[in-house]
Amino acid sequence: MIATEQFLESKSSLSYDREGWKRGYQSQPNEYDYWIEDIEGEIPPALNGTLFRNGPGLLDINGQPLHHPFDGDGMICAIAFNQGRVHFRNRFVRTEGFLKEQEAGKMLYRGVFGTQKPGGWLANAFDIDIKNIANTNVIYWGGKLLALWEAAEPYRLDPKTLDTLGKDTLDGILAEGEAFGAHPWIDPSCNQDGGASCLVNFAIKPGFSTKITIYELDEAGTLKRGKCHTVPGFAFIHDFAITPNYCIFFQNPVTYNPFPFLLGLKGAGQCVDFQPNAPTRILVIPRHGNKQMQVLESEAGFIFHHGNAFEQGEQICVDSICYESLTQVDSEIDYRDVDFDAIAPGQLFRFTLNLADATVQRQRLLERSCEFPCVHPDHVGRPYRYVYMGVAHNPTGNAPLQAIAKFDVTTGEEQIWSAAPHGFVSEPIFVPHPEANREDEGWVLTLVYDSSHHRSDVVILDSRDLRVGAIARLHLKHHIPYGLHGSWTSTVF
Ligand SMILES: [Fe+2]
């Protein structure tokens, strides 16, 4: 146990120092490759495999700041656990846009979230050539390591060296430039494949009506099932949920006006407007057979991420992180100056979908601000008990994510491990113990930006009880900017 990491219930309004938080948004232009030697605590010998992380590595292009971190070039970290030793490596995904901009030494592309080329609207008008930044997630599936960005095809990397091997069409499934979502789920036991696992993902083609394509790939990465569905209206859908028999999409209530984007005034993502008086449409799409899609409605809210879903007779429960509205970063304001108090926090809700009468009950499970939910991989799409999330240190209000929560959805019990005041957490990844008997037997891994040393730590928590503190804290020699998503594979690379 590490005493300084004990959770301290803060009575003060701020659990963090804003200048410290902002430093986590500095670019990391360097690429490293080393064994981690600066370690507090013990690395569990049974923890063997590789943690892959993705996120923006550059928050500027040759000194020109990005308008939003989501516009940053993807940088992959591979943290390989091997019999008590841990190796770190990071490499940028060498996308076409990354290579061109690095060679030019200047910004050549607009970003979806508002980054504009220098020169004002005239320099940006009618330029719709968006860079595939491959920065959102990274998965190892079918023998391939793939960096994902939802608006275009994946980039494939060598899982050992992280060298970029090029764009990947998934053996011809995707056409050049075709989208492949950044939030695949692995169904641990697919009833169509004799109980083998399969990867389920989707692609969105928004427009006046929106095309949703669902892909199911077997363990070799071969397409087993694929189907297109069209839904009325524009859709901004980042994530979805699965059960053995359904894919569930939440069509957030938004409209899209492309003209400010075309005229060079805003990024495409800034042209999405939340509609507080319109319903959220919940699309329940059967994965197999010929049953039709069912559409249910719930009150307005905005969802990026779903934690899990499961079937219960004629009902489906979906646990998701829901915001009261979608907050855009104003074109004139630096994202690092965001007023947290002015933005509603993300909170964990349970949506109970009654398929028989097409009604929805919405129940808030937790008030604490949270994001990046993660569950035991064997419970994906099935009844479950524990969800792990990045959360704010304080139980109410909005603030950066500084703590990891383990939340019991059956009892409402919450356990917290906090890195406040100097630490800022990333998405937690749950890794089951290889000989586990319980759903919560294993470890929670997270990267923590330590603003007091301007470096990042790999933190290992005991998922049976987060309150006992970190089992180990592995100090990197440098910082990793705040990341997005990642995944675990039991293969040691
Ligand atoms: Fe996401």
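Coordinate-derived values only; no laboratory data. None of the values given here were measured: they were computed from a predicted structure. As a convention, Cβ positions derive from the backbone with ideal geometry for all residues, glycine included, and neighbour counts pool all protein chains shown.
Listing for the model above:
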quantity: Dipole of the chain, positive end: most advanced residue of TYR215, PRO65, ILE460 [Cβ charges, Cα centre]; calculated: TYR215
quantity: Tensor-based shape of the range 1-139 (alpha-carbon gyration tensor, a/c under 1.5 rounded, otherwise prolate or oblate); calculated: oblate
quantity: Eligible aspartates and glutamates near LYS266 by straight Cα distance, threshold 16 Å, same-chain separation 8 or greater; calculated: ASP71, ASP127, ASP129, ASP330, GLU332, ASP334
quantity: Inter-label distance for ARG464 and LYS22, nm, one decimal - labels placed 7 Å from Cα along Cα-to-Cβ; calculated: 4.4 nm
quantity: Model label zone, ILE128; criterion: amide N under 16 Å from point 7 Å along Cα-to-beta-carbon; scope the range 228-247; calculated: 234-235
quantity: Neighbour-limited loop hits for GluC sites (Glu not before Pro), the range 327-422 (at most 11 other Cβ within 10 Å; DSSP other than H, G, I, E, B); calculated: GLU332, GLU413
quantity: Contour minus Cα-Cα distance for TRP35 and ASP408 (0.36 nm per residue); calculated: 130.7 nm
quantity: Computed FRET value (nearest 0.05) for HIS454 with GLU324, which takes r as the C-beta separation and R₀ as 30 Å; calculated: 0.30
quantity: Simple spin-label estimate for LYS211 and SER189 in nanometres, 7 Å along Cα-Cβ; calculated: 3.7 nm
quantity: Loop sites in the range 218-293: trypsin sites (Lys or Arg not before Pro), DSSP, at most 14 other Cβ within 10 Å; calculated: LYS291
quantity: Segment ASN277-LEU262, length gained on full extension (0.36 nm per residue, minus Cα span); calculated: 2.7 nm
quantity: Unpartnered cysteines - no second Cys beta carbon under 4.7 Å - across the chain; calculated: CYS77, CYS228, CYS247, CYS271, CYS317, CYS322, CYS370, CYS374
quantity: Relative exposure of SER15, SER487, SER325, judged by other C-beta atoms within 10 Å (fewest first); calculated: SER325, SER15, SER487
quantity: Built amide H within the under 5 Å cut-off of HIS478, gap 5+; calculated: SER456
quantity: Mean ellipticity per residue at 222 nm, deg cm²/dmol - from DSSP H runs of n ≥ 4 across the chain, formula -39500 (n - 2.57); calculated: -1000 deg cm²/dmol
quantity: Nearest-20 debye value, the range 449-493 charge dipole, Cβ charges on Lys, Arg, Asp, Glu; calculated: 60 debye
quantity: Rounded to whole Hz, the Karplus (6.51, -1.76, 1.60) HN-Hα couplings of the range 421-437, x for glycine and proline; calculated: x, 9, x, 10, 8, 10, 3, x, 10, 8, 10, x, 5, x, 10, 5, 10
quantity: 24 Å Cα-Cα reach of LYS160 towards lysines, excluding residues that sit fewer than 8 places from it in its own chain; calculated: LYS144, LYS477
quantity: Amide hydrogen neighbours beyond the local backbone of LEU165, cut-off 5 Å, H modeled; calculated: ARG156, LEU157, ASP158
quantity: Phi-based couplings in Hz for the range 210-220 (Karplus 6.51, -1.76, 1.60; Gly and Pro marked x); calculated: 10, 9, 10, 10, 10, 10, 10, 10, 7, 5, 8
quantity: Principal semi-axes in Å for the chain [√(5λ), Cα gyration tensor, largest first]; calculated: 30, 28, 24
quantity: Where chymotrypsin sites (Phe, Trp or Tyr not before Pro) fall in DSSP loop in the range 207-292, at most 11 other Cβ within 10 Å; calculated: PHE208
